[in-house]
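Since the structure comes first, as structure tokens, the remarks are kept for the end.
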Amino acid sequence: MPKSVVLTGRYELREVLGRGGMADVYDGWDQRLARAVAVKVLRPEMASEPQTRRRFESEARLAATLNHPNVVAVHDSGDDHGTPYIVMERLPGRTLLDDLLAGPLPAPRARTILTQTLDALGAAHAAGILHRDIKPGNILFDADGTVKVTDFGIAKRADTDHTTVGEVLGTVAYLSPDRITGKPASVTDDLYAVGVVGYEALAGHRPYTGDTILSLAHAIVHGHHEPLTAGCPDLDPTLIAVIERALSRHPQQRFATAAQMRNALANPRRMPPPPTRVVTSIPAAAVPLGPPAQPRRSPGAGVIIGAVAAVLVTIALLALAFASQDEGSTIGSTSVPPPTAPIPSSYLTPAPAPPATMISSEPIAPAPEIVAPDDTAPGAGVDTGGGNGNQGGGNQGSGQGGPGNGGNGNGGNGGGGRGNGGGN
């Protein structure tokens with residue numbers, strides 16, 4: 001697009017700050033208010049698709065509802081002769097990803113970044129919005145270093161060839177095990193991603209890595225990350241405990257809300273025990289509830305069922321990898337065509353819930369029922385109330401009330417971009 005273009009007689013477009021899967025972001029100038037802005041413009045070939053236009057307009061509406069000091073502000077949106085655009089606040093362009101390229105962060109700085117990111121997520125969750133792509137490239141800083149989380153509710157298409165497989169892995173690395181296995185997105189998935197970011201900020205690397213999507217997904221679902229204490233023995237035990245809990249494999253062992261996780265960072269002695277159910281913090285009247293989660297199948301559910309589920313998981317993972325990359329990807333991000341190799345059934349444990357539909361307005365998922373924690377890692381106990389049993393390896397006894405034992409799980413960057421966002 002020529003540099004001399006002025007949208008609706010007001011927004012002058014200058015240099016390109018970044019290119020995404022369906023839109024470009026420009027360094028802009030608001031001629032009416034005489035201020036710098038960032039302008040996201042839907043590409044002409046995308047603007048001709050009604051569904052894409054609706055998703056782009058939905059992004060503007062959702063983002064505009066979030067008026068918070070730690071969220072990138074949306075100033076305006078419009079249509080210039082068939083070209084939709086979104087006007088946002090203009091930031092210097094530095095992201096957490098840029099900072100991490102220099103190595104681990106000091107613990108106090110990491111704590112501040114996590115706290116402000118959780119403040120932003122708390123506001124979004126209260127409005128019924130899930131981010132679904134929290135990662136260093138989506139955490140920006142303003143001139144004084146304050147966190148600005150970007151790209152809430154964004155949905156882009158994975159049909160551009162401007163990226164590499166490494167950038168896709170950068171997004172998958174922040175997906176929770178339950179997202180990878182096809183369960184609907186929930187509040188705890190955003191909090192899991194914050195845990196991954198915190199781990200990476202302190203350790204200098206992600207908790208899980210892989211050379212391919214398959215190996216990375218397998219590590220996140222089945223692997224065990226190195227404890228933060230191993231590489232960072234001098235870290236504040238409270239900070240470590242909060243991050244490790246956020247990385248729990250099972251959602252019911254994570255924090256229930258962003259506010260709860262934030263308070264644990266600030267008040268270590270008040271950190272609550274793991275909840276017995278995942279609480280979303282979204283008012284029930286504001287968000288429609290989906291069907292209840294189905295109970296976990298026993299290991300002997302059947303070879304045929306497992307094979308069919310493996311195919312569904314393959315589709316779910318690919319959809320999550322690319323939709324998540326684009327839905328919450330930062331301005332300036334790009335996407336990648338999906339790989340053709342299927343995911344073997346031995347890699348991922350099929351989830352009973354159907355794959356999440358990756359649309360920016362997806363409602364918060366209902367709280368899943370309690371499932372037995374993984375018996376391969378120590379964790380907080382869950383009192384089932386009726387008996388004296390162990391919950392962890394699949395064994396549950398009966399008797400008169402007693403303590404239950406459960407296992408914590410272990411969870412599982414993106415490229416940088418210039419301007420109002422980083423990369424996938």
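The values are calculated or read from the model by the stated rules, or taken from the named source; none is laboratory data. Please read all numbers here as calculations on a predicted model, not as lab measurements. Reconstructed Cβ throughout: ideal geometry from the backbone, glycine too, with neighbour counts over all protein chains shown.
Please verify whether E12 is assigned to a strand (DSSP E or B) and charged (D, E, K, R), treating the condition exactly as stated.
yes
Scan the stretch 113-122 and give yes if some residue there is more than 24 Å from G9 (Cα to Cα), crowded, with 24+ Cβ neighbours inside 10 Å, of a type outside the set (A, V, I, L, M, F, W, C) and at pLDDT 95 or above, otherwise no.
Checking the stretch 113-122: at least one residue is more than 24 Å from G9 (Cα to Cα), crowded, with 24+ Cβ neighbours inside 10 Å, of a type outside the set (A, V, I, L, M, F, W, C) and at pLDDT 95 or above.
Please state which of the following conditions E167 fails to meet, knowing it meets all the rest: (1) at pLDDT below 50; (2) buried (at least 24 other Cβ atoms within 10 Å of the Cβ); (3) within 20 Å of I220 (Cβ to Cβ).
Status for E167: all satisfied but (2).
Among residues belonging to the stretch 15-36 that are crowded, with 20+ Cβ neighbours inside 10 Å and assigned to a strand (DSSP E or B), point out the one that is modelled with the lowest pLDDT.
The residue in question is G18.
In the stretch 214-247, which residues are over 24 Å from L105 (Cβ atoms) and part of a helix (DSSP H, G or I)?
Residues satisfying the conditions are L214, S215, A217, H218, V221, H222.
When residues of the stretch 47-82 are filtered for being in a loop (DSSP other than H, G, I, E, B) and hydroxyl-bearing (S, T, Y), how many remain? Talk me through it step by step, then tell me what you get.
Within the stretch 47-82, the subset in a loop (DSSP other than H, G, I, E, B) is 48-49, 65-70, 72-73, 81-82.
Next cut, hydroxyl-bearing (S, T, Y) only: 48, 65.
Matching residues across the stretch 47-82 total 2.
Which of (1) within 17 Å of T117 (Cβ to Cβ); (2) surrounded by fewer than 24 Cβ atoms within 10 Å (Cβ to Cβ) is the odd one out, the single condition A219 does not satisfy?
(1)
E226 versus (1) at pLDDT 60 or above; (2) over 26 Å from T115 (Cα atoms); (3) surrounded by fewer than 20 Cβ atoms within 10 Å (Cβ to Cβ): which is the lone unmet condition?
(2)
Just to be sure before I move on: is I86 part of a helix (DSSP H, G or I), surrounded by 19 or more Cβ atoms within 10 Å (Cβ to Cβ) and among the aliphatic types (A, V, I, L, M) in the structure I sent?
no
Given the conditions (1) at pLDDT below 95; (2) part of a strand (DSSP E or B), report the number of the one that V39 does not fulfil.
(1)
Can you spot a residue in the stretch 240-253 that is in contact with a Cys (Cβ under 9 Å, 6 or more places away or on another chain), surrounded by 19 or more Cβ atoms within 10 Å (Cβ to Cβ), modelled with pLDDT of 90 or more and not small (G, A, S)?
Among the residues of the stretch 240-253, at least one is in contact with a Cys (Cβ under 9 Å, 6 or more places away or on another chain), surrounded by 19 or more Cβ atoms within 10 Å (Cβ to Cβ), modelled with pLDDT of 90 or more and not small (G, A, S), which makes the answer yes.
How about the stretch 190-213: which of its residues are at pLDDT below 95 and not in a loop (DSSP other than H, G, I, E, B)?
Passing the criteria: only I213.
Of the residues that make up the stretch 137-155, is at least one in contact with a strand residue (DSSP E or B) (Cβ under 8 Å, 6 or more places away or on another chain), closer than 24 Å to E49 by Cβ, at pLDDT below 95 and surrounded by fewer than 24 Cβ atoms within 10 Å (Cβ to Cβ)?
No, the conditions are met nowhere in the stretch 137-155.
Quickly run through the stretch 94-112 and pick out the residues that are over 18 Å from T171 (Cα atoms) and either outside any helix (DSSP H, G or I) or under 16 Å from the mean Cα position of the chain (by Cα) (or both).
If the condition is that a residue be over 18 Å from T171 (Cα atoms) and either outside any helix (DSSP H, G or I) or under 16 Å from the mean Cα position of the chain (by Cα) (or both), then R94, A102, G103, P104, L105, P106 are the ones that fit.
Check S176 against each of (1) closer than 28 Å to Q51 by Cβ; (2) of a type in the set (S, T, Y); (3) modelled with pLDDT under 95 and name the one condition it does not meet.
Every listed condition holds for S176 apart from (3).
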